[in-house]
1. Just give me the residues in segment 122-158 being under 30 Å from V94 (Cα atoms) and not assigned by TED's automatic domain parsing to the domain that holds A196, in sequence order.
2. Would you check if I35 is at pLDDT 95 or above, part of a helix (DSSP H, G or I) and hydrophobic (A, V, I, L, M, F, W, C)?
3. Can you name the condition, by its number, that S23 falls short on among (1) over 20 Å from T148 (Cβ atoms); (2) of a type in the set (G, A, S); (3) part of a helix (DSSP H, G or I)?
4. Inside segment 23-43, can you point out the residues that are buried (at least 19 other Cβ atoms within 10 Å of the Cβ) and closer than 26 Å to E109 by Cα?
5. Could we say that A113 is of a type in the set (A, V, I, L, M), in a helix (DSSP H, G or I), in contact (Cβ under 8 Å) with a residue 12 or more places away in the chain and more than 15 Å from H45 (Cα to Cα) here?
6. From the list S156, S204, exactly one residue is among the small types (G, A, S), at pLDDT 95 or above, more than 23 Å from P47 (Cα to Cα) and surrounded by 12 or more Cβ atoms within 10 Å (Cβ to Cβ). Which is it?
7. State whether the residues of segment 87-97 include one that is surrounded by fewer than 16 Cβ atoms within 10 Å (Cβ to Cβ) and touching a residue at least 24 places away in the same chain (Cβ under 8 Å).
8. Could you tell me which numbered condition L90 fails, if it satisfies all but one of (1) at pLDDT 95 or above; (2) more than 18 Å from L20 (Cβ to Cβ)?
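The values are calculated or read from the model by the stated rules, or taken from the named source; none is laboratory data. Treat the numbers as computed from the prediction; the structure is a model and nothing was measured. Cβ sites come from the backbone with ideal geometry, for glycine too, and all protein chains shown count toward neighbours.
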Amino acid sequence: MTHSLHRVGPYLDEEIVFILTPSKGINSEGAEEKIKKFLEIIVNHKPVHYGDDRVGNRYTAGYDQIVENLEEVTNIHAVFNDLNTAKQVLKDLVEADLGLSIVVSGLFENAKACCEAAGIHYHSIEHSLGIWGDRARLPDEKTLSILTMCGHGLVSVNLIQAMAESIRNKEKTAQQAAEEMARLCLCGIFNTERAALILKEMASVSRAGTKI
């Protein structure tokens with residue numbers, strides 16, 4: 001499975017996540033240059049967020065530090081909010097022929113469209129079966145939408161609600177709050193653009209649940 005599989009909520013229409021994963025002992029030896037090429041292609045297309053889960057993300061480390069500290073066994077991630085850009089990214093990756101595993105994660109029709117645009121056919125599909133169990137114990141829908149952007153659970157419910165409150169009190173902008181949370185998502189798939197939109201909606205509702 002992939003930790004990007006269970007994203008829920010609004011503004012998913014054009015979101016695509018890319019994940020590069022060398023296989024240890026199979027194609028990882030000497031893979032640094034291939035990983036650098038992947039990262040170069042990704043960054044050239046201006047992703048919303050990206051990162052290396054061993055080094056850090058664009059807010060905590062930045063491109064140069066990630067490149068300087070790449071290891072042959074690592075995972076590089078990125079998230080895009082524009083389907084046409086994501087299609088071009090996959091085209092470029094296919095042309096680069098890196099020989100490393102790449103996951104394309106998003107709404108099925110969007111992931112399929114990326115593959116078709118790049119002239120390839122997906123060889124496997126993973127579906128989320130949703131949330132099972134006592135759903136009444138879950139946070140509200142908007143909080144859950146942001147919570148699931150960090151598949152490793154590093155952005156907490158309390159932080160999300162505190163960020164919405166800080167926007168409501170005009171202590172932060174929605175973008176500032178989103179970027180603050182994105183720093184915690186080490187691998188770099190936290191979508192700051194989606195988060196900012198959802199935080200604005202959360203901030204427009206008072207604690208009593210009425211629009212303000």
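1. Filtering segment 122-158 down to residues under 30 Å from V94 (Cα atoms) leaves 122-129, 148-152.
Within segment 122-158, Y122, H123, S124, I125, E126, H127, S128, L129 qualify.
2. Working: at pLDDT 95 or above: no; part of a helix (DSSP H, G or I): yes; hydrophobic (A, V, I, L, M, F, W, C): yes.
The answer is no for I35.
3. Of everything listed in (1) over 20 Å from T148 (Cβ atoms); (2) of a type in the set (G, A, S); (3) part of a helix (DSSP H, G or I), S23 misses just condition (3).
4. F38, L39, I41, I42
5. Numbers: of a type in the set (A, V, I, L, M): yes; in a helix (DSSP H, G or I): yes; in contact (Cβ under 8 Å) with a residue 12 or more places away in the chain: yes; more than 15 Å from H45 (Cα to Cα): yes.
So A113 passes the test.
6. Details: S204 fails: at pLDDT 95 or above.
After ruling out the rest, the residue left standing is S156.
7. Let us first name the residues in segment 87-97 that are surrounded by fewer than 16 Cβ atoms within 10 Å (Cβ to Cβ), namely 94-97.
Right, trim to touching a residue at least 24 places away in the same chain (Cβ under 8 Å) and you get 94, 96.
Yes, there is a match, as at least one residue in segment 87-97 is surrounded by fewer than 16 Cβ atoms within 10 Å (Cβ to Cβ) and touching a residue at least 24 places away in the same chain (Cβ under 8 Å).
8. It fails just one condition, (2).
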